[in-house]
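Asker: Can you read through this structure? Questions will come right after.
Readers should treat all values here as calculations from the given coordinates under stated rules, not as data from a laboratory. Owing to the predicted nature of the structure, the values given are computational and were not obtained by experimental measurement. Every residue, glycine among them, receives a Cβ derived from its backbone with ideal geometry; neighbour counts consider all protein chains shown.
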């Protein structure tokens, strides 16, 4: 079994991969539901889940079954439409992945299969969200999710409900798809969801998407050093920071492209035209 250091670094790199591989989501019928209010979903997803489990621990069981029935079809959609090389026949890959996650539960192979399903499902969900919300509002939603996550961890309100959710398991040893686990480290579904959402936000700006993925990897690995002094961290933060840096770089490049010419340059252009 990999050590915690190896495990958490691997999961941080999975976040970076999700940012890098996301491809634009086909709008389709979802455009009719477009509203800025969907931007509340990322931060609200944390608050609602934590509040529900705090009020009733049995909610964690309901959430694990919800993940069990929604993650595989969402992962199939990602394989068919939303990842590099996506083709409809690839959607069938969710079947062996699910079987592997079930049969090899608790082993590295099973964890990798379950992680792949959860990560792919996050791509589909993140893609749907980018269709429902304008980029500006969804960017604010990503930042809000990181802020909420940080506040809950700092106030020690996240750890208890999060542990209950991580331990919840469906009957018959079926795979737990509500979390991302590898070795001795666990990330929440939201930690992968935010990475996939950022990837989808940047999918039409390939250069920015690659830079963001590299930043998520670097910031995530550096952020993990804090585990030397704490037991739990809001791993949504490196993703939100990466997005903020990329957006700042893009704005700077945009300003340079539209900056007015200097008086000397205008004089040269006028003299050349004459």
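Asker: Being over 30 Å from residue 94 (Cα atoms), in contact (Cβ under 8 Å) with a residue 40 or more places away in the chain and surrounded by fewer than 17 Cβ atoms within 10 Å (Cβ to Cβ) is the filter here; which residues of the range 155-176 pass it?
Answerer: Initial filter on the range 155-176 (over 30 Å from residue 94 (Cα atoms)): 155-160.
Filter once more, keeping what is in contact (Cβ under 8 Å) with a residue 40 or more places away in the chain: 157-160.
Those that are over 30 Å from residue 94 (Cα atoms), in contact (Cβ under 8 Å) with a residue 40 or more places away in the chain and surrounded by fewer than 17 Cβ atoms within 10 Å (Cβ to Cβ): 157, 159, 160.
Asker: Then there is this: Which residue, of 132, 192, 152, is touching a residue at least 40 places away in the same chain (Cβ under 8 Å) and farther than 16 Å from residue 234 by Cα? I'd like the intermediate steps shown before the answer.
Answerer: On the way: 192 fails: farther than 16 Å from residue 234 by Cα; 152 fails: farther than 16 Å from residue 234 by Cα.
Step by step, each of 132, 192, 152 is checked, and only 132 is touching a residue at least 40 places away in the same chain (Cβ under 8 Å) and farther than 16 Å from residue 234 by Cα.
Asker: Could you check residue 90 against (1) in contact with a helix residue (DSSP H, G or I) (Cβ under 8 Å, 6 or more places away or on another chain); (2) closer than 26 Å to residue 236 by Cβ and say which number it fails?
Answerer: Exception for residue 90: condition (2).
Asker: Turning to a different aspect of this structure: With the requirement that a residue be touching a helix residue (DSSP H, G or I) at 6+ places or on another chain (Cβ under 8 Å) and either under 18 Å from residue 46 (Cα atoms) or part of a loop (DSSP other than H, G, I, E, B) (or both), what does the range 93-122 give you?
Answerer: Residues satisfying the conditions are 104, 105, 118, 119, 121, 122.
Asker: Of the residues 75, 67, 20, only one is part of a helix (DSSP H, G or I), more than 22 Å from residue 226 (Cβ to Cβ), in contact with a strand residue (DSSP E or B) (Cβ under 9 Å, 6 or more places away or on another chain) and in contact (Cβ under 8 Å) with a residue 40 or more places away in the chain; which? So that I can check it myself, show each step before the final result.
Answerer: Working: 75 fails: in contact with a strand residue (DSSP E or B) (Cβ under 9 Å, 6 or more places away or on another chain); 20 fails: in contact with a strand residue (DSSP E or B) (Cβ under 9 Å, 6 or more places away or on another chain).
Sole residue among the options that is part of a helix (DSSP H, G or I), more than 22 Å from residue 226 (Cβ to Cβ), in contact with a strand residue (DSSP E or B) (Cβ under 9 Å, 6 or more places away or on another chain) and in contact (Cβ under 8 Å) with a residue 40 or more places away in the chain: 67.
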